[in-house]
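Input: a single structure, listed below in structure tokens.
The values are calculated or read from the model by the stated rules, or taken from the named source; none is laboratory data. Small disclaimer: the values here were computed from a predicted structure and weren't measured. FYI the Cβ positions are ideal-geometry reconstructions off the backbone, even for glycines, and counts take in every protein chain you see. Just so you know, the surface numbers come from the protein's heavy atoms only, side chains and all, with ligands and any DNA or RNA stripped out. Shrake-Rupley method; radii C 1.70, N 1.55, O 1.52, S 1.80 Å.
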Amino acid sequence: MSLLIPLYIHPAVDPGAWHRLITAADRTYAVVLNPADGPGDAPDPAFVSAADALRGAGARLLGYVDTDYGTRPAADVTADAARHREWYATEGCFLDRVSASEDALPAYRKLVRALRRQGASLVVLNPGVHPAPGYARNADLVVTFEGPWTTYVSAFSRPDWTARHPPERFCHLVYGVPDALAPLAVRTAGERGAAVSGPVTGEPPNPWSGLTPVLSGAGR
């Protein structure tokens, strides 16, 4: 099972969720660390401890970095990634709010090259929709759906170009999934060409504040 886990809640607020995540680390594709909509201004001891435990359990760690749809300066993005790496020993980046447009692709290519030179061995791009085809060649994983379960089951469409890439290059992040249907959401992602997924039951404004039922023991 390949689960991308963005758990956007402080370990001190829900230590049980973080403990369950650590014990199930071998079932994850990667875990996204997001102390403060990025690395924050200083290392957070609770996240340092959680990162150490996750890494010891075999999880790959990604630092959350906002790109603001390509408008954020590349130097700020790479600086955030460097702080994640220094403070939490992340091995890669989860770039959020990524542009999907072809016009922005050259800038993202340059940004990803800079991150790899900096030491990122795993780069995930999250436009949340199917972007221009070149994005799939620019990253290890592209999130091509982020949205509610109701939309996922009723209005999802897959462009033909995605068939030219292995399913391991695509991820679907679905929120508002009923507990009992979380395993179905994982299977549905696979049937739709995404080998990586992350179904959660939460709703906006922060659907990622709870652990996916697939790991927490519910919905099995």
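Below, the figures for the structure above:
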{"read-out": "Nonlocal amide H pairs with VAL143, under 5 Å, H built at 1.01 Å", "value": "LEU125, ASN126, GLY128, CYS171"}
{"read-out": "Relative contact order (%) - the stretch 45-143, alpha-carbon pairs under 8 angstrom, separation at least six", "value": "26 percent"}
{"read-out": "Förster radius 30 Å - calculated FRET efficiency between HIS165 and ALA89, Cβ distance, rounded to 0.05", "value": "0.50"}
{"read-out": "Over the stretch 24-181: Rg over Rh, Cα atoms, Kirkwood Rh", "value": "0.97"}
{"read-out": "Estimated inter-spin distance, LEU184 and ASP103, nm [label 7 Å along Cα→Cβ]", "value": "4.1 nm"}
{"read-out": "Considering only the chain, percent of DSSP beta bridges that pair antiparallel, nearest 5", "value": "0 percent"}
{"read-out": "Placed amide H near VAL177: partners under 5 Å, 5+ positions off or other chain", "value": "TRP149, VAL200, THR201, GLY202"}
{"read-out": "Coordinate range along principal axes, alpha carbons of the stretch 168-220, Å, largest first", "value": "25, 25, 14"}
{"read-out": "The stretch 61-220, dipole about Cα centre (Lys/Arg Cβ +1, Asp/Glu Cβ -1), debye to the nearest 20", "value": "460 debye"}
{"read-out": "HN-Hα J in Hz across the stretch 192-206 - Karplus 6.51, -1.76, 1.60, θ = phi - 60°, x for Gly and Pro", "value": "9, x, 10, 6, 10, 8, x, x, 9, 8, x, 10, x, x, 9"}
{"read-out": "Solvent-accessible heavy-atom area per residue, rounded to whole Å², over the stretch 113-181 at 1.4 Å", "value": "44 Å²"}
{"read-out": "For the stretch 165-198 and the stretch 7-80, distance of Cα centres in Å", "value": "21 Å"}
{"read-out": "In Hz, Karplus ³J(HN,Hα) per residue of the stretch 35-44 (6.51, -1.76, 1.60; θ = phi - 60°; x = Gly, Pro)", "value": "x, 7, 6, x, x, x, 8, 7, x, 9"}
{"read-out": "Carbon/sulfur fraction of accessible area - the stretch 109-220, other protein chains in place, 1.4 Å, %", "value": "52 percent"}
{"read-out": "Taking the chain and dividing mean pair separation by its residue count, relative contact order in percent (alpha carbons under 8 Å, at least six apart)", "value": "18 percent"}
{"read-out": "Share of carbon and sulfur in the accessible heavy-atom surface of the stretch 1-108 [1.4 Å probe, %]", "value": "50 percent"}
{"read-out": "J(HN,Hα) series, the stretch 150-157, from Karplus relation 6.51 cos²θ - 1.76 cosθ + 1.60, nearest Hz, glycine and proline x", "value": "4, 6, 4, 7, 10, 9, 7, 9"}
{"read-out": "Extension gain (nm, one decimal) between THR150 and VAL129, 0.36 nm per residue minus Cα-Cα", "value": "6.0 nm"}
{"read-out": "Average accessible area per residue (Å²) across the stretch 51-97 - probe 1.4 Å, nucleic acids and ligands excluded", "value": "41 Å²"}
{"read-out": "Potential extension, SER49-ASP26 segment - 0.36 nm per residue separation minus Cα distance", "value": "6.5 nm"}
{"read-out": "Cβ crowding within 10 Å averaged over residues, with 58-66, 79-87 ranked highest first", "value": "58-66, 79-87"}
{"read-out": "Taking the C-alpha atoms of the stretch 2-57, convex hull volume expressed per residue in Å³", "value": "69 Å³"}
